[in-house]
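To start, the structure under review is shown below, and the notes come after it.
Rule-based calculations on the coordinates, nothing more; no lab input. Just so we're clear, the structure is a prediction, and the values are computed from it rather than from any experiment. Ideal geometry is used to build each Cβ from the backbone, glycine not excepted, and the neighbour counts take in all protein chains shown.
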Amino acid sequence: MPEDYGRGMLKHTPLHTRHVDAGAKMADFGGWEMPIEYTGTVAEHTAVREAVGIFDVSHMGKIAVFGPGAAAFVNSLVANDLDRIADGQAQYSMLCNDNGGVIDDLIVYKWGDDAVYIVPNAANSATVVAGLNAFAGDGITVDDQQETHGIIAVQGPKSPDVLAALGLPTDMDYMAFAMAQWRDHPVTVCRSGYTGEHGFELIAPNEVLAELWDALIEQAQVVDGMAAGLGARDTLRTEMGYPLHGQDISPTISPVEAGLSWAVGWDKPEFAGKQALTTMRADGPPRRLRALRAQQRAIPRSHMTVLDTAGNEVGEITSGTFSPTLKEGIALALLDASVNIDDEVLVDVRGKQIPFAVTKAPFVPSHVR
């Protein structure tokens, strides 16, 4: 990253020059200068749905936690239950505050009883590291690898072809991972992603990241794929109804409200925020995250007001976009719990009240399994 980041410059991933040289449109994303698009968000989105897209997601955090009982230590803090998965599997989870709000959502890789790997969101990585260190006992090491490793996501139905061409493993179940070698460097290959397509995420040391990126791009082009920016990543995840931290979940929005109760280990003896979440689950949340589909031509955006058909305010849009697959506006919205699936609501789109149907996510079929 730039040496004078502390004076206000944006951070750069090890692949920054690759993006600039490719003519990518760059923008601030959580304090990082990241590629938003190369040839266009719709084209990149379509490539992922039909072929393959290669994403630089090295801005995400990378944290190794090891020492006697490391998995049990992490499990005492995060919401999901690591005892549900075996060694060599990864799990979606969250770190919550005492009120049940989501400090961050993250992926936990279970290496074994004494070692796990955590990938938090970029903007929250330092907070997660600090939280782990605050509770780590003797013998537990929290190794922040934010500046030493990067992550490349390879997403789409032809992603196995791309990895196989590089000699990387592809035969694994969803949310399983394997340790591999590429050009004498260790690479973690996980069957995961944020697009709803068959895909992989590769964690590798910075020393080999640029070479790995070049090789992946070359093989992607062979199967009509391309580099993809975070613009496409956002439209892809919204079509799947996947939450984005800071919008659909946050320190003031709980897993129960966001429909993520499936990612909470309710039977665990302890985890951060358990008391508040248990109470909310029993009482019922006052609001719920719902999926909305435009009934007229309109593009919803975050913070737009949502009304019921009588004109009463019932919530707001948390994420909204134009769906390149459906060719219509879609959104996630935090709404009063009285609003149900199949209801109609109105969204204030620049002064016009546009009808939207309350529906179930995902908006398009998932192909992750």
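Out of Val74, Val116, Val339, any idea which swings most in a Gaussian network model of the chain, alpha carbons joined below 10 Å? Most flexible of the set in this elastic network: Val339. Once the Cβ-Cβ distance of Thr305 and Lys327 is raised to the sixth power relative to R0 = 30 Å, the FRET efficiency obtained is 0.75. Extension gain, Asp171 to Ser76: 0.36 nm times the residue separation minus the Cα-Cα distance gives 31.0 nm.
Computing FRET efficiency as 1/(1 + (r/R0)^6) for Asp224 and Phe135, where r is the C-beta to C-beta distance and R0 is 45 Å, gives about 0.40. Each part reduced to its alpha carbon centroid, the stretch 207-249 and the stretch 117-162 end up 17 Å apart. Based on the alpha-carbon gyration tensor of the chain and its eigenvalue square roots a ≥ b ≥ c, which shape applies: rounded if a/c is under 1.5, prolate if not and a/b is larger than b/c, or oblate? Cα axes put the chain in the oblate bin.
Take 43-49, 332-338, 352-358 and order them by the average number of nearby Cβ atoms within 10 Å per residue, most first; the result is 43-49, 332-338, 352-358.
Counting lysine pairs in the chain that sit 8 or more residues apart in sequence, or on different chains, and whose Cα atoms lie under 28 Å apart gives 18.
Local charge sum around Leu244 (other residues, Cβ-Cβ under 12 Å, Lys/Arg +1, Asp/Glu -1)? Here the charged neighbours net out to -2. Applying 1/(1 + (r/R0)^6) with r as the Cβ-Cβ distance of Lys25 and Trp262 and R0 = 41 angstrom yields a FRET efficiency of 0.70. Between the alpha-carbon centres of the stretch 326-362 and the stretch 90-116 there is a gap of 30 Å.
The ranking of Asp161, Asp98 from fewest to most other beta carbons within 10 Å of each one's beta carbon is Asp98, Asp161.
Which shape class, rounded, prolate or oblate, goes with the stretch 28-172 when its Cα gyration tensor gives a ≥ b ≥ c as root eigenvalues, a/c under 1.5 marks rounded, and past that a/b bigger than b/c marks prolate? In terms of gyration-tensor shape, prolate. Checking every one of the GluC sites (Glu not before Pro) in the stretch 261-369 against DSSP loop status and a limit of 14 other Cβ atoms within 10 Å picks out Glu270.
Can you bin the stretch 207-301 into rounded, prolate or oblate? Criterion: square roots of the alpha carbon gyration tensor eigenvalues sorted a ≥ b ≥ c, rounded for a/c under 1.5, prolate for a/b above b/c, oblate for the rest. Here the stretch 207-301 falls in the oblate category. Karplus-derived 3J(HN,Hα) values for the stretch 138-149, using 6.51 cos²θ - 1.76 cosθ + 1.60 with θ = phi - 60°, are 4, x, 9, 10, 10, 9, 7, 9, 4, 9, 10, 9 Hz; glycine and proline are entered as x. Below 12 angstrom from the Cβ of Ala130, what's the summed charge of the other residues (Lys, Arg +1; Asp, Glu -1)? With Lys, Arg at +1 and Asp, Glu at -1, the net is -2. Spin-label pair Thr148-Ala164: with each label point 7 Å from Cα along the Cα-Cβ axis, the two points sit 3.5 nm from one another.
When Lys and Arg each count +1 and Asp and Glu each count -1, what net charge do the other residues less than 13 Å away from Cys96, Cβ to Cβ, add up to?
My count for the surroundings of Cys96 gives -2.
Of the peptides 233-240, 170-177, 212-219, 119-126, the order by per-residue mean of other Cβ atoms within 10 Å, starting with the highest, comes out as 233-240, 119-126, 212-219, 170-177.
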